[in-house]
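The values are calculated or read from the model by the stated rules, or taken from the named source; none is laboratory data. If you're wondering where the values come from, they're calculated on a predicted model, not measured in any experiment. Cβ atoms come from the backbone with ideal geometry, glycine included; neighbour counts cover every protein chain shown. Note: accessible area is taken over every heavy atom of the protein model, side chains too, but ligands, DNA and RNA are not part of it. Shrake-Rupley method; radii C 1.70, N 1.55, O 1.52, S 1.80 Å.
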Amino acid sequence: MRAADTIFALASAPGRAGIAVLRLSGPGAGNALHSLTGRIPPPRMAQRVRFRDPADGETIDDGLALFFPAPRSFTGEEVVELHLHGSRAVVAAMVDALSRLPGLRPAEPGEFTRRAFQNGKLDLTEVEGLADLVAAETSAQRRQALRQLEGELGRLYESWRARLLRALAHVEAEIDFPEEGLPSEIWKSVRDAAQALRREVAAHLADDRRGERLREGVSVAIIGPPNAGKSSLMNALARRDVAITAATAGTTRDVIEVALDLEGYPVVLADTAGLREASDAIEEEGVRRARARAAAADFRIIVVDATRPEEASALGSLAGGAALLVANKMDLRPSDGASWADGLGAGPALRLSLQTGKGLTEVLARLAAEMKARLDPGGAPVITRARHRTALADASAALDRFAIATMPELAAEDLRAATRALGRITGQVDVEDMLDIIFREFCIGK
Ligand SMILES: Nc1nc2c(ncn2[C@@H]2O[C@H](COP(=O)(O)OP(=O)(O)OP(=O)(O)O)[C@@H](O)[C@H]2O)c(=O)[nH]1
Ligand SMILES: [Mg+2]
């Protein structure tokens with residue numbers, strides 16, 4: 001039995017650090033701690049200990065130990081945490097000592113979390129929330145991951161599943177005792193319940209992929225005519241010299257990407273080649289890539305040179321609704337009263353000078369507001385993975401079939417399919433089909 005193994009792994013990042021944390025889980029965790037320190041601290045209380053190699057008694061380190069008796073631990077098994085000084089040598093000596101203890105072996109990637117799932121400590125959505133929290137790079141990502149880890153999404157799907165199970169029980173009663181017949185008002189209430197759920201699932205699915213986008217980052221492309229200041233804007237937003245800027249038109253020839261944290265929202269910003277009739281094959285390819293990126297992006301910042309407003313009109317088709325228009329080089333324009341930006345479909349232009357910095361705060365604020373509008377989950381739980389979306393679409397399709405089913409057996413089958421689809425999201429059913437895939441993808445710590 002695999003679960004009888006006691007596993008151990010470094011829980012903190014490898015390499016030099018103030019402290020390194022090694023974690024043990026399994027029936028032999030407490031014994032291992034005793035072999036190393038000669039004692040077991042009171043449950044869940046950190047205690048200062050001297051770690052000695054059980055083979056020869058040599059001191060490995062002086063640190064802290066915590067003991068979590070089963071089942072009140074992360075994995076639900078007996079868990080031990082060793083807090084050591086974070087050097088490669090200390091960690092290596094401890095790993096070596098642990099490997100020599102009987103019944104202990106290094107954990108496979110994701111194995112602690114897998115045990116937590118198998119022991120009912122986390123459902124699959126919480127496992128994913130944990131993986132996202134460990135990977136979170138911006139505050140909005142952290143908040144979304146924490147909500148999922150705390151079970152917000154899992155509770156929603158489980159409550160839906162419970163409603164379907166109740167409906168199914170009514171329908172199954174009809175199949176089991178056909179002679180009694182199911183009163184028509186019960187049929188009606190089952191149908192109504194399924195329809196109500198069908199509408200809730202549809203509303204949940206129509207979320208514009210905000211949860212998934214928040215995990216992945218919104219793709220924003222800076223586009224516009226050559227020499228307008230696109231690369232200068234990229235550098236200003238990234239607060240470092242990512243792209244070359246020069247007075248020569250056609251300086252940028254490739255797509256340059258940088259990941260940004262925009263007031264907590266993750267953005268992948270792309271600088272592109274200036275759009276014009278290219279003068280050589282390389283620039284032509286650059287322009288092709290710029291157009292492709294503009295089309296694929298979730299949002300566009302169109303930068304136009306305020307002294308050459310006529311160039312703006314040629315860009316209209318690229319704005320595609322989700323765009324911010326910026327009139328740069330306002331320092332060169334004697335009067336800024338013109339409404340030259342209208343008609344592009346991107347609303348009035350924001351006036352900017354990257355030379356003086358005037359207007360940059362406004363551009364940043366507008367951009368952050370646009371990202372918030374696209375990503376902020378609001379109060380409701382949001383879908384964060386394609387896996388959830390697929391299962392919800394399956395549930396929804398099964399409910400559609402249920403609505404037109406004529407025989408109780410078929411109706412029950414449709415309800416069962418919808419229930420299974422929801423159960424797959426939290427890991428209640430069909431777990432064996434998915435576990436390996438999920439834990440390979442969401443393994444923590446390695
Ligand atoms: N006066 C003035 N010059 C600016 C401003 N912003 C950028 N520039 C200058 O305009 C020139 C072009 O800037 P870039 O940022 O390279 O322009 P680009 O749009 O990336 O140009 P391409 O890559 O060639 O398409 C550079 O010499 C910048 O220093 C501004 O607000 N005012
Ligand atoms: Mg450029």
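Overview of values
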| item | result |
| --- | --- |
| 0 to 90° range, to nearest 10: angle between helix 386-404 axis and the chain longest Cα axis | 80 degrees |
| Calculated FRET value between Ile282 and Lys358, using beta carbons and R₀ = 30 Å, to 0.05 | 0.30 |
| Apportionment of accessible area to carbon and sulfur, the chain, percent (1.4 Å) | 53 percent |
| Candidates Glu185, Glu284, Glu257, ranked by Gaussian network fluctuation over the chain, Cα under 10 Å, top entry | Glu185 |
| GNM result for the chain, Cα springs below 10 Å: residue of Met330, Met45, Met94 fluctuating most strongly | Met45 |
| J(HN,Hα) series, the stretch 201-218, from Karplus relation 6.51 cos²θ - 1.76 cosθ + 1.60, nearest Hz, glycine and proline x | 5, 4, 5, 5, 6, 7, 10, 6, 6, 5, x, 5, 4, 5, 5, 7, x, 7 |
| Relative counts (whole %) of C-alpha pair distances in the chain, using bins that are 10 Å wide | 4, 16, 18, 17, 18, 15, 9, 3, 0 |
| Computed over the stretch 84-183, Cα set: Rg, Dmax in Å | 22.9, 76 |
| Positive-end extreme of charge dipole, the chain - chosen from Ser99, Ala9, Ala365 (charges on Cβ) | Ala365 |
| Among Arg351, Arg142, Arg215, residue whose mean-square fluctuation peaks in a GNM of the chain (springs only between Cα atoms under 10 Å) | Arg351 |
| Residue among Gly28, Leu214, Gly57 farthest towards the positive dipole end of the chain, charges placed on Cβ | Gly57 |
| Total lysine pairs whose alpha carbons fall under 23 Å of each other in the chain (8 or more apart, or interchain) | 5 |
| Span per principal axis, largest first, for the Cα atoms of the stretch 129-287 (Å) | 86, 35, 19 |
| Theoretical FRET efficiency, 1/(1+(r/R0)^6), r = Cβ-Cβ of Arg105 and Ala393, R0 45 Å, to 0.05 | 0.65 |
| Residues with amide H under 5 Å from that of Gly86, placed H, sequence gap 5 or more | Ala17, Ile19, Ala20 |
| Lys, Arg +1 and Asp, Glu -1 on Cβ, resulting dipole of the chain about Cα centre, debye, nearest 20 | 1100 debye |
| Extension gain from Glu150 to Leu332, taking 0.36 nm per residue of separation minus the Cα-Cα distance | 60.2 nm |
| Estimated inter-spin distance, Ala259 and Ala296, nm [label 7 Å along Cα→Cβ] | 1.7 nm |
| Among Gln144, Ala417, Ala236 - extreme Cα towards positive end, dipole of the chain, charges at beta-carbon | Ala236 |
| Dipole moment magnitude, nearest 20 debye, the stretch 190-244 about Cα centre, only Lys, Arg, Asp, Glu C-beta charged | 60 debye |
| Difference of contour (0.36 nm per residue) and Cα-Cα distance, Asp192 to Leu205 | 2.7 nm |
| Expected-Rg normalisation [2.2 N^0.38 Å, Cα atoms] applied to the stretch 149-229 | 1.94 |
| Three-way shape label, the stretch 1-104, alpha-carbon gyration tensor, a/c 1.5 | rounded |
| Solvent-accessible heavy-atom area per residue, rounded to whole Å², over the chain at 1.4 Å | 48 Å² |
